[in-house]
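Report on the following structure.
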Amino acid sequence: MHNAERYPFTAADAILGEAGLQPYLPIALTYQDRSVTVSGLLDTGAMVNVLPYQVGIDLGAVWEQQTTELRLTGNLAQFEARGLLVSAVVGQFAPVRLAFAWTRATNIPMLLGQVNFFMEFDICFYRSQLAFEVRPKEGSA
Amino acid sequence: MIPVELLNSLRSLNRVEKLHVLQVLVSELAQEEAHLLRPEGTYPIWSPYDAHEAADTLLKMLKAPEPEGHAQR
């Protein structure tokens, strides 16, 4: 079994103090030959991973070339979304494939949701300690 | 936990001073509460919490063979 890596909760809104602390995970994404490092919000309530439009552009993805259209829900329902597969590295762990709903929305956090971030990684939240731990699922390289 | 020295110092205050400390603390707590939820503020929730169809589509993408020369590394 892999050793877990521990990360602190970070401030999304400094005014809110402790109420504004959220579990953001630094993650390196690679699409074809381009990589970017982004902080993704661990969102157990999100059915899917969501990639903000600008991050996809920074990765070199071309909107018109992504032909799998997706329909998101909630506040994201008003924006078009398309499926995008990328390679992702968390900390010292081996790369995994993540499937994102690449949305036209820009002013949103990157969301790491049930499909398929939480299928690849086991997460343990210690909110009272303002920390969380990440480890790859059992049986992974 | 409140340090014992602080409690002892507070206990040594007279009645007027204690009331003043109380007033200051209550006022500061009220201000902090006001920052937590602003009446005119909007708090968008971006989570697509019931996007089952999108989740199913993404799972199928993951299972499909990658096109030649288009694999992410």
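Read-outs throughout are calculated quantities, based only on the coordinates presented, and are distinct from any laboratory measurement. All values reported here derive from a predicted model rather than from experimental measurement. Here the Cβ positions follow ideal geometry from the backbone for every residue, glycine too, while neighbour counts run over all protein chains shown.
Build a GNM of chain A with springs between Cα atoms under 10 Å apart, and of A:Ser39, A:Ser87, A:Ser128 the one that fluctuates most is A:Ser128. Take the alpha-carbon centre of the range A:111-131, take the same for the range A:55-82, and report the distance between them in whole Å. Value for the Cα centre distance between the two parts: 23 Å. Taking 0.36 nm per residue of separation and subtracting the Cα-Cα distance, full extension of the segment from A:Ile15 to A:Thr44 would add 8.0 nm.
Quick one: work out the % antiparallel among DSSP beta bridges in chain A, nearest 5. Working shown, then result.
Details: 34 of 41 bridges.
Just about 85 percent of them are antiparallel.
Shown in residue order for the range A:43-54 are the 3J(HN,Hα) couplings computed by the Karplus curve 6.51 cos²θ - 1.76 cosθ + 1.60 at θ = phi - 60°: 10, 5, x, 8, 5, 10, 6, 10, 10, x, 3, 5 Hz (x for Gly and Pro). Projecting label points 7 angstrom from Cα along Cα→Cβ for B:Leu19 and A:Glu5 puts them 5.8 nm apart.
Here the Gaussian network model covers chain A, with springs between Cα atoms less than 10 Å apart; of A:Leu111, A:Leu16, A:Leu76, A:Leu16 fluctuates the most. Largest mean-square fluctuation among A:Thr30, A:Thr106, A:Thr73, in a Gaussian network model of chain A whose springs join Cα atoms under 10 Å apart, belongs to A:Thr73.
The helix-only estimate of mean residue ellipticity at 222 nm for the protein assembly as shown, built from DSSP H runs of length n ≥ 4 each weighted as -39500 (n - 2.57), is -7000 deg cm²/dmol after division by the residue total.
Just tell me how shielded A:56-69 is by partners: mean number of partner chain Cβ atoms within 10 Å of each residue's Cβ, no decimals.
Details: counts 0, 0, 0, 1, 0, 1, 0, 0, 0, 1, 0, 0, 6, 2.
Shielding by partners across A:56-69 averages 1.
Need the list of lysines near A:Lys137 for cross-linking: C-alpha distance under 23 angstrom, and skip anything on the same chain fewer than eight residues off. Excluding near neighbours in sequence, the set is B:Lys60, B:Lys63. Within chain A, the longest run free of exposed loop sites, counting GluC sites (Glu not before Pro) that sit outside DSSP helix and strand states (H, G, I, E, B) and have at most 15 other Cβ atoms within 10 Å, spans A:1-79. Normalised by residue count, chain A yields a Cα convex hull volume of 115 Å³ per residue.
Using 1/(1 + (r/R0)^6) with R0 = 25 angstrom and r between the beta carbons of A:Thr67 and A:Met119, what's the FRET efficiency to the nearest 0.05? For A:Thr67 and A:Met119, the calculated efficiency is 0.60.
Here's how it looks for B:Asp50: its modeled amide H is under 5 Å from those of A:Met47, which are all 5 or more places away or on a different chain. Put in line by how crowded their Cβ is, counting other Cβ atoms within 10 Å and starting with the fewest, B:Asp50, A:Asp43 read B:Asp50, A:Asp43.
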